[in-house]
C-alpha cells in the first residue's frame, strides 16, 4: 500500500454546547468535546465498568453553524473526520498542544434543542435544513434514483 490513511469514525455525546469562533475573512470554526463510552464486565468482580474517552471536535464554516444551531450538550452525533494535532503559545508564554478531530461528515442521531414544544426541533427538521450543506453518510435521495 503506497498511501496513508487518517480517518476517524465516532458516535458519542456532546460534553458541552458548540462554541464558534469567527475570523475576519468570514470563515468560522466550531469546537466541542465529544464523549465515547466503552462498557465491559470485570471478570473478577462481575462489575459493569464504563470507561469514557473524551475527544476534541472541530467543524468548519457552514457545518459549524449547523452544529451550533441544532446541537446541545448531551446530544448524540455520528462523526467522520481526521486526526489533527496543533501547537500554539499561550498568552502566558507556555507552549501548548492539542489533538482534535477535524470533521468531514456528520449526522445527528439524537437532538433535543428546545424543551418547549413550539420551538422543539425534530431530527427530521434538522436533517432537512442541514442536508443541503453537507453529505450525510448512508443517505440516498430517492428522487435521484435511476429506477
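General remarks:
- The stretch 24-79: C-alpha pair distances exceeding 12 Å, %: 73 percent
- Full-stretch length increase - residue 20, residue 39 - with 0.36 nm per residue and alpha-carbon distance subtracted: 3.6 nm
- Packing-based exposure ordering (other Cβ within 10 Å, fewest first) of 98, 50, 4: 4, 50, 98
- With the gyration tensor restricted to C-alpha atoms of the stretch 70-113, the semi-axes of the equivalent ellipsoid amount to 29, 14, 6 Å, longest first.
- In this calculation the C-beta distance from residue 9 to residue 92 is compared with R0 = 30 Å, giving a FRET efficiency of 0.25.
- Note on 108, 32, 23: ascending count of other Cβ atoms within 10 Å places them as 23, 108, 32, the fewest first.
The numbers here are math on the coordinates, done by the rules we state, and not lab data. Predicted model only: the values in this text are computed from it and were never measured. Cβ: placed from backbone, ideal geometry, glycine included. Neighbour counts: every protein chain shown.
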